[in-house]
Structures are given as structure tokens and as C-alpha cells.
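Asks: I have a structure here, written as C-alpha cells, and I will follow up with some questions on it.
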Amino acid sequence: MCELAKRGLSSVVICSAPFVPLAKAQARVFGAPDLPLVVIPHPLGGISQEEIHGRAHHAVPQIMELVKELRG
Amino acid sequence: MNDILSYIDKVGASIEVENDYVAINDLYHHRGWTDGLPIIPPTEKLVEEMLSYCDRPWDSPIAKIAPRYGEATPIRLATNAVMAGCRPEYFPVVVAAIEALCEEPFNLYGLQATTHLVSPLIIVNGPIAKELGINSGYNALGSGCRSNATIGRAVRLSLVNIGGAQSGAGDMATFGSPAKYSYLAAENEADSPWEPLHVERGYAQWASTVTVIGAECPHNVNDHQSITGVGILKMIAGTMATTGNNDVYNIEPHPAIVIGPEHAKTIAADGFSKADVKRYIFENAVLPLQRFSQENIERRFLVTCKDRYGDANSSVPVPMVQRAEDLLVVVIGGPGKHSAVIPTFGVTVPITREIQLANGKRASSVEEFKIACSDSLN
């Protein structure tokens, strides 16, 4: 994802809250410290189909907003 | 090339502290540079002594350690080896292990950052294992032997301090395992009825190697009753067949079987080669699909392996390994009627690497590293 961002493509990473420190550290390591993160509720495993859809509904508007911003 | 004084003059390469062991340890703990145990302060003198067994450029990376992809230079590795309590002659094994761990198929990034409790298991083969007194007998996977404890610990400290595997940031393990302090043993080649691991994997008998495995802690196989090879193998296969291990969910897992020398002798006496052992375990370490929860059947097996399980009944066998040859079989331990099963992270390939001099020549003794280092300095 960092490579895509560095090539100028609109890129966002979706992760659950406990993984934010890892995601931010990795973005720094791979040279894209400002890579946008969309944070969704934890966990991703052991949840029902309804909860999975809930995570998607949580993420999609944020992704759309970020993509608009990135495209200026 | 190998001048430690010019290195430590670089900004951030060294710190000045009060000459107080307790205060230094408090500082190292406070900065997150330890595994929680006390360290030996890595002074310039001790790091230089450690590097006296390194015949490579001390400040040139031999690998990059995920997830931070920090450069593993000999100076940095030697610093961690001093902190871990290694004797200088252990250092060539630390270097070889780090090189093996950083080979792409091992997937160190996955191991370091996962929520799974995996830690690298390092198995040492060949004459250097014997020279360094690496324990292959009583308690080989436990405590009590300096080379086992400190080489393994040096690797772990390097993974944390150079690789950035801090808990909750680079290391997301839900609860980790005791193997994250140190996890290293030699194969008990003398008491094994089979070819050693490194020979099986294509190296000469007189080569010394490290083999790294992305491993869970050992799961014991107590078998004091079986007096036949097939009896013991049935018990090993039964111990291996569990629902919650990572190997059962992955495409090409390489779980390890540690066979105690007494069990190995009985198995081999009944005519089983290593390949036969693997074949038996592959065929018999299976569980009927119904032993998994309905959610796992529907949301995992029927999604990832629909061809195999799609129209099958609930008693179809689920294998723990996909091919017999993917199993690792190694003989470790002292007397006793025990063996062990070691599941893995699943998405990791074991790597074997020879402990070689910088010029690519075989090292039959670690002292060759010291001579080569001395030659390079003169």
C-alpha cells in the first residue's frame, strides 16, 4: 500500500484500533508516513456476518471522504 | 574497515552512562531494549571482543530485520549478543541464524507481527554445535546451558531491538510464549538412528548449520507403553491432530516432530526410515471434519478448500500437513520415553543455512572466524 501511495495512487489502509501503532510504524518504515488510516472497531475475527457488514459500513464513508481529499 | 571507535563516535551510536550495573539495567529496561531480564552492559570493549569472531565488515548490514527492517550490522548484532550473555565464540551462530531468519520464504515479518504465539526455533547441527557445547540432550529445549540460552536470547533481542518487535507495536502476539526468551537446541546426532537434519536437507555431514523454524512451544508426547515403532508413531500422530493449530489452516505448513532418542531407537529398529516416519504421520495425523466447529467448517474449510470438503460428509479426514515431505523430523533430548510435536505459524518455510566464513568457505571450527577476523584487521 505504501508503494501505491508513493506512486501517487489514492491509497488508504483499513485496520482495527489495536493495530494502529503497527500500521503507523510500517508506513514510516516504507516511506509513506502520511498514509491515511481508516480505523474500524476491533476484532475482525470471530464476528457475525451482520457485524462484518457493520465494519464495512463504518469504513466505506471514511474511505470515500479520504479518496476525495487525496484527489484534491 | 573494522574500527569500533570510529563507529561509536557517530551520532546516536553509543550512550554514556554512570558505571553502575543496576542503573544501566534500569535505563535499558526503561527504554524497552531488553526482554525483561537483566542484560550485560554492551561496553565498547565487550562488543569489540564479540566482534573478534566476525570476519565481515562490522558496519555493513548482513540483513534487514522486519517489521522495522532495521539493518542488522555485525556491530548491532554483537551489541545484542553481549547483552544476552553470549561468549564471543558463539557469535558466528548468531550471525548465521539472523541470515536464515531474514530469508524471504521464512516470512519473518509475519512471525514478528502476528497475534499468534510463534517464536523462531533454532536447531544447530554439525561440529560447531559440539564445539560450543550446545545442549542436545537432557533439557535441551529448556534451561541450564549457556550456549543454548544466550545464542537464542541474542537472536530474540536482535529481533526486538533491530527489528522493532516491541509488544503491542511490532509484535502483536496475543500472549506470546516462553520461547520468546530463547529457543535453541542442537540435534542429538550421536543418538539418532537417522541421518542428521542438515544432511537430510542437502548439507555435508561435516558442515555446521542452523535451521530456523517458526514454531510454537513443544507439545509433549508421553509414551511409556508402546514397544513398537508404529505404536509410538500413532501416539505422535494423535498428539499432532488438534483443531486449534495454525498448520491445519494453512496451505503449505511445515510442522516439526522432535523425537526423543529412546523413541527414535524403537521406531528405527522396526525398520522406519525418516521418510517412513513422515509418511506415517502425514497419513495418520488427521481429524474428522466434524471435530471442528460448524463456523470453522462453513467459514474456513468450505471457503478455502471447497473441492476437498464441499460435498463431503462430516467424517472426511482433515490433514495437519499437506505433504509428508513437508514435515521436519529431528532427534533431540536425553533418556526418557518422550517425543514432542511442534506446530508452526503455518505461513513460514524452515530455512537451513551453513555457518560459513565471509569468503564462503566451510568453517569446521568457530576459531576459524577469529583467525579470519584477525587477518582482515592486519
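Values in this text are rule-based calculations from the coordinates and carry no lab data. As the structure is a prediction and not an experimental result, all values here were calculated from the model. Positions of Cβ are backbone-derived with ideal geometry, glycine not excepted, and every protein chain shown enters the neighbour counts.
Asks: Of all the helices (runs of 4 or more DSSP H) wholly in region B:1-108, which have at least 3 residues that are over 30 Å from A:GLY31 (Cα atoms)?
Replies: Where helices (runs of 4 or more DSSP H) fall fully within region B:1-108 and carry at least 3 residues being over 30 Å from A:GLY31 (Cα atoms), they are B:21-30, B:44-51, B:74-84, B:91-101.
Asks: Looking at region B:80-120, which of the residues that are polar (S, T, N, Q) and more than 14 Å from every other protein chain (Cβ to nearest Cβ) is nearest to A:LEU22 (Cα to Cα)? Give the steps one after another, and end with the answer.
Replies: Within region B:80-120, the subset polar (S, T, N, Q) is B:80, B:107, B:112, B:114-115, B:119.
After this cut, where a residue has to be more than 14 Å from every other protein chain (Cβ to nearest Cβ) as well, the list is B:80, B:107, B:119.
On the way: B:ASN80: 23, B:ASN107: 17, B:SER119: 18 Å.
So the residue we want is B:ASN107.
Asks: If you don't mind, another one. Applying the selection to region B:186-206, what residues are buried (at least 17 other Cβ atoms within 10 Å of the Cβ), within 20 Å of B:ILE355 (Cα to Cα) and touching a helix residue (DSSP H, G or I) at 6+ places or on another chain (Cβ under 6 Å)?
Replies: Listed by number, the residues that qualify are B:ALA186, B:GLU187, B:ASN188.
Asks: Filter region B:54-79 down to residues that are within 14 Å of chain A (Cβ to nearest Cβ), over 15 Å from B:ALA100 (Cβ atoms) and touching a strand residue (DSSP E or B) at 6+ places or on another chain (Cβ under 8 Å), then give me how many there are.
Replies: 2
Asks: Right, here's the next one. Give region B:344-364 a look and list any residue that's surrounded by 15 or more Cβ atoms within 10 Å (Cβ to Cβ), of a type in the set (S, T, N, Q) and part of a loop (DSSP other than H, G, I, E, B), or say none. It would help to see each step written out before you state the result.
Replies: Keep residues of region B:344-364 that are surrounded by 15 or more Cβ atoms within 10 Å (Cβ to Cβ), which gives B:344-358, B:362-364.
Restricting the remaining residues to those that are of a type in the set (S, T, N, Q) gives B:344, B:348, B:352, B:356, B:364.
If the condition is that a residue be surrounded by 15 or more Cβ atoms within 10 Å (Cβ to Cβ), of a type in the set (S, T, N, Q) and part of a loop (DSSP other than H, G, I, E, B), then B:THR348, B:SER364 are the ones that fit.
Asks: Same structure again: Within region A:33-53, track down each residue that is assigned to a loop (DSSP other than H, G, I, E, B) and more than 14 Å from chain B (Cβ to nearest Cβ). Break it down stepwise before answering.
Replies: Our first condition is that a residue be assigned to a loop (DSSP other than H, G, I, E, B); within region A:33-53, this holds for A:33-36, A:41-48.
If the condition is that a residue be assigned to a loop (DSSP other than H, G, I, E, B) and more than 14 Å from chain B (Cβ to nearest Cβ), then A:ASP34, A:LEU35, A:PRO36, A:PRO41 are the ones that fit.
Asks: What do you reckon, is B:ASN250 surrounded by fewer than 21 Cβ atoms within 10 Å (Cβ to Cβ) and within 21 Å of the chain's Cα centre (by Cα)? Don't jump to the end; show me each part of the working.
Replies: On the way: surrounded by fewer than 21 Cβ atoms within 10 Å (Cβ to Cβ): yes; within 21 Å of the chain's Cα centre (by Cα): yes.
It is true that B:ASN250 is surrounded by fewer than 21 Cβ atoms within 10 Å (Cβ to Cβ) and within 21 Å of the chain's Cα centre (by Cα).
Asks: Next question. Criterion first (away from chain A (no Cβ under 14 Å), part of a strand (DSSP E or B) and touching a residue at least 60 places away in the same chain (Cβ under 8 Å)) does B:ASN139 satisfy it?
Replies: Values: away from chain A (no Cβ under 14 Å): yes; part of a strand (DSSP E or B): no; touching a residue at least 60 places away in the same chain (Cβ under 8 Å): yes.
For B:ASN139, the condition - away from chain A (no Cβ under 14 Å), part of a strand (DSSP E or B) and touching a residue at least 60 places away in the same chain (Cβ under 8 Å) - is not met.
Asks: When only residues in region A:7-31 that are in a helix (DSSP H, G or I) and among the small types (Gly, Ala, Ser) count, which is nearest to the other protein chains (Cβ to nearest Cβ)? Quick ask: steps written out before the conclusion?
Replies: Narrowing region A:7-31 to residues in a helix (DSSP H, G or I): A:17-29.
Okay, now just the ones that are also among the small types (Gly, Ala, Ser), so A:17, A:23, A:25, A:27.
Working: A:ALA17: 12, A:ALA23: 10, A:ALA25: 6, A:ALA27: 11 Å.
Across region A:7-31, the extreme among qualifying residues is A:ALA25.
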